[in-house]
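What follows is a short report on a single structure.
The values are calculated or read from the model by the stated rules, or taken from the named source; none is laboratory data. Computed from a predicted structure; not experimentally measured. So basically every Cβ, Gly included, is an ideal-geometry build from the backbone, and we count neighbours across all protein chains shown.
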Amino acid sequence: MIVLSLIWTIFSSLLSEEPSISLLKLRSSWCVFLFYLTRAVLTRRTALLLVAVLILSGCVGSVYSAYDLLRGRGVVVESIAPNSPFEQVQLQPGDAVWRVDGHRVYSLAEIDEALRRAAANTSLSVSIVSQGEHVERPGLVLTAAEQQAVSPSGLTGSFRSHRFRASGWTRHYETFAEIVQIIAQLALGLALAHLRNHGPNKYFRIALIAVVVLTAGLVLTAMRTVIVAFVIGACLIAWRSLRGAYKVAFTFALFFVLAFGAVVVWQTRARDALSLNDPSSELRLQVARVGLSRILTHPIFGHGMDAMQRHWNEWGFPGKDMLHLHSTPLQLAFDRGLPMLVLWVWMIVLFWMEISRAERSARDRSDTHSYGVLLGGLGALAGFLASSLVNYNYGDGEVAMLFWWLMGVCVFLSALIRSEA
């Protein structure tokens, strides 16, 4: 199935509207070989060790996110001079400038120094926090004369911004949210497995602390859909593993996660983000409608991966910042055709059946750690799938690599349990 999807992707790229772009994109498709590599080299001990390291790294990223929010980012702009070069990137009072040409800045002096260091008459990219959203704005150009001004930026401001979405150790909050969601499900699976088989022992307590830290890191990203996806996956594995009062208590705890997430979204993002009436939600809906209307123009092999980058407005998509459909199923059908979407769904179903069968077999065995990884893998798969409906998470390289690695681990453990049965 995986090989068939790769072959289909190659044909789709060759027949793309923009073959030169789509063929280059093929490089990212080979991360699926992590699935085979993982199964070939793992042992039970190394699998559990790697899961533990992954959970620890996720906790470190979540703690760093909290520190980053407390420290603040960039400089909140109070006013912009009429001749400021930042007018080229549509900067507004109240926005925060936190990176210039890829370098973090924490004061106006650092912004001015970054502008002076840059080569004259070259385009610089500026990272802006606007209403809690991270925005990359290319196209800031200064002449040599402008660089020699007392304040090349033409900005005033003195405070750092604390209203932004946590991104941990990754380049973007969307990537961080998707990765932490998967890692949190693994930690939760281990906690629930030990609670079911041994009660609240030390492994349960350690895993539960990790779940709390990871969940906090996830919520601080203010990613509405990923928070909901995490709750869906967590509910599924809790109801599969817990009984009686534990099940009721855990359900109430998940309501608290949703409430905490709602508060963070309300504090961090644009007005009406909770009611889905914000500009981001409206733009996603418009993009999805256009994407759906165009799928049937190339239903077999699609338009080609990333071909829309060259034809965004020409094909009727609104705006200029969004260059994908924010939905994995929609994007697969648009880029590679409806047969690729069928292959993807079939693959997810097969993974679900395999992991679910192995999780049931492992429940009452002595190896609770393996049971916990399989249980967490099932929750991660559910959360990944739920999030993929409204996020193109499979198009994110780091997320896709983690997904294939985890599927390899789960299928390896499943084969191990089946051989021991």
Selection count, region 1-57, where residues are of a type in the set (Gly, Ala, Ser), in contact with a helix residue (DSSP H, G or I) (Cβ under 7 Å, 6 or more places away or on another chain) and over 18 Å from MET340 (Cβ atoms): 1
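Sort through GLY94, GLY139, GLY157, GLY102 and tell me the only one that's at positive phi and surrounded by 19 or more Cβ atoms within 10 Å (Cβ to Cβ).
After applying the criteria, what remains is GLY157.
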LEU115 being buried (at least 18 other Cβ atoms within 10 Å of the Cβ) and either assigned to a loop (DSSP other than H, G, I, E, B) or of a type outside the set (D, E, K, R) (or both): yes
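Within region 118-136, take every residue that is under 31 Å from the mean Cα position of the chain (by Cα) and in a loop (DSSP other than H, G, I, E, B) and give me the one that is surrounded by the fewest Cβ atoms within 10 Å (Cβ to Cβ).
SER123
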Filter pass, ALA210 being surrounded by 21 or more Cβ atoms within 10 Å (Cβ to Cβ) and either on the phi > 0 side of the Ramachandran plot or in the same structural domain as PHE260 (by TED's automatic domain parsing) (or both): yes
Residue list for region 292-315, restricted to those being more than 25 Å from the chain's Cα centre (by Cα) and part of a loop (DSSP other than H, G, I, E, B): LEU296, THR297, HIS298, PRO299, ILE300, PHE301, ASN313, GLU314, TRP315
Selection count where residues are in a helix (DSSP H, G or I) and touching a strand residue (DSSP E or B) at 6+ places or on another chain (Cβ under 8 Å), scope region 256-291: 1
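Just to check your reading of the model, which residue among ALA145, ALA184 is out of contact with any Cys (no Cβ under 9 Å at 6 or more places or on another chain), over 28 Å from VAL263 (Cα atoms) and either crowded, with 20+ Cβ neighbours inside 10 Å or in the same structural domain as VAL100 (by TED's automatic domain parsing) (or both)?
ALA145
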Count - residues of region 40-55 that are without any contact (Cβ under 8 Å) to a residue 60 or more places away in the chain and either surrounded by 15 or more Cβ atoms within 10 Å (Cβ to Cβ) or not β-branched (Val, Ile, Thr) (or both): 4
Verdict on ALA253 being in contact with a Leu (Cβ under 6 Å, 6 or more places away or on another chain), assigned by TED's automatic domain parsing to the domain that holds SER280 and either at pLDDT 90 or above or assigned to a loop (DSSP other than H, G, I, E, B) (or both): no
Residue list for region 392-413, filter: in contact (Cβ under 8 Å) with a residue 60 or more places away in the chain and either out of contact with any helix residue (DSSP H, G or I) (no Cβ under 9 Å at 6 or more places or on another chain) or closer than 17 Å to ARG45 by Cβ (or both): TRP405, GLY408, VAL409, PHE412, LEU413
Region 258-277, residues that are buried (at least 19 other Cβ atoms within 10 Å of the Cβ) and modelled with pLDDT under 90: THR268, ARG269, ALA273
